[in-house]
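S.K.: Got a structure here, written out as structure tokens. Questions coming.
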Amino acid sequence: MPKRKASAVETLTEELTPRKKATPRKDAYTSQQKSSISEFTGVTQADKSSAAKLLKQYNWNVGAAVNAFFTNPSSNGSHNPTRSSLVKIFDKYRDDPKNEPDEIGIEGTGKILGDLQIGLDDVGALIFSEIAQSPTLGRITREGFIDGWVDLNIDTLPKMRNIVLQRRSALSHDKDIFKSVYNHTFQLALPAGSKTLPLELAHEFWKMLFTSPGYEWRSSAGTPWLEWWLEYQEAKRTKAVNKDMWKQTLTFATETMRDDSLSFWDEESSWPSVIDEFVEWVKTEKRPGGAADAMEVE
């Protein structure tokens with residue numbers, strides 16, 4: 001049996017670890033704030049995420065925050081059974097507890113997705129990453145993971161899987177869920193230090209998102225909009241996709257599903273030039289002759 005060719009998504013994920021080491025991340029806290037977090041955790045034994053949250057509430061006054069931690073149980077996560085369970089789950093999947101105690105890396109991400117029976121190349125992985133607020137593929141922070149699941153009151157792997165599956169089945173008809181996953185995917189997929197997605201990667205993620213079980217970009221009239229969009233990008237030899245183009249693609253896709261004739265579009269509208277050019281391409285290449293008349297504004 002021939003060996004399966006790795007997708008661009010899988011290839012990028014495999015490369016994340018060395019790229020991450022080569023590119024230093026910007027620190028979220030000042031040196032003084034880090035010192036306060038360290039002092040707070042040393043006294044309370046709380047995790048850094050909970051420490052930072054409580055310190056922010058008390059304007060980084062360590063004494064006041066420590067006092068609140070011990071006198072007001074509702075003010076700290078250690079007394080929240082859901083948060084406590086999530087801390088244990090997070091700690092279990094950390095790649096390097098000693099050097100990166102508040103992160104799950106590429107190996108741990110693969111393990112937790114495996115235990116959840118979610119494939120890396122399945123849209124469910126994007127749903128999980130959006131809930132856990134993953135800053136990039138193959139990286140999960142303690143704060144994002146715990147806060148994301150606490151908001152849903154989820155504290156076990158089986159419950160996580162159920163939520164992911166529920167949202168997966170809702171992608172095709174729940175616009176808010178799909179939009180949240182879609183928008184987060186752009187940030188998730190960005191190569192380190194870049195503000196644009198290489199076209200190959202954008203294509204991979206568009207295919208994941210705009211086909212079943214996602215929001216299938218094919219009209220009831222049978223127009224294969226996704227196929228046309230990808231074909232056009234290849235023909236135009238687009239090199240990269242920026243954030244605005246990524247978001248406007250979803251807006252345009254939604255409009256085409258409402259109006260297959262494209263009567264919503266005209267030359268005076270504020271669509272990005274790439275979409276204007278795509279419409280013209282559809283007129284000349286896919287709907288020549290009389291079909292083009294149906295695309296003009298009435």
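Values in this text are rule-based calculations from the coordinates and carry no lab data. Everything numeric in this text was worked out from a predicted model, so none of it was measured. Every residue, glycine as well, gets a Cβ built from its backbone with ideal geometry; the counts of neighbours run over all protein chains shown.
S.K.: Among 186-192, 93-99, what's the highest-first ranking by average C-beta atoms within 10 angstrom per residue?
M.R.: Listed from highest to lowest mean packing, they are 186-192, 93-99.
S.K.: Which trypsin sites (Lys or Arg not before Pro) in region 106-212 pass both tests, a DSSP loop state and at most 12 other beta-carbon atoms within 10 Å?
M.R.: Filter output for region 106-212: Lys195.
S.K.: Want the number for Ser84 to Ala240: 0.36 nm per residue separation, take away the alpha-carbon distance, what's left?
M.R.: 52.0 nm
S.K.: Fully extended, how many nm does the chain gain between Met257 and Gln166 (0.36 nm per residue separation, minus their Cα-Cα distance)?
M.R.: Full-extension gain reported as 30.4 nm.
S.K.: Related question: Using a 7 Å offset from Cα along Cα-Cβ at Ala192, what residues in region 86-103 end up with backbone N under 15 Å from the label point?
M.R.: Under 15 Å, as judged by backbone N against the label point of Ala192, lie 100 of region 86-103.
S.K.: Amide H to amide H, which residues 5 or more places from Val241 or on other chains are under 5 Å from it, using H placed in the peptide plane?
M.R.: Leu197, Leu199
S.K.: Same structure, new question: Using a cut-off of 13 Å between beta-carbons, work out the net charge of the residues near Leu54 (Lys and Arg +1, Asp and Glu -1, Leu54 not included).
M.R.: +1
S.K.: A further question follows. Given points 7 Å out from each Cα along the Cα-Cβ axis, report the Ser270 to Ser31 separation in nanometres with one decimal.
M.R.: So the label points at Ser270 and Ser31 sit 4.5 nm apart.
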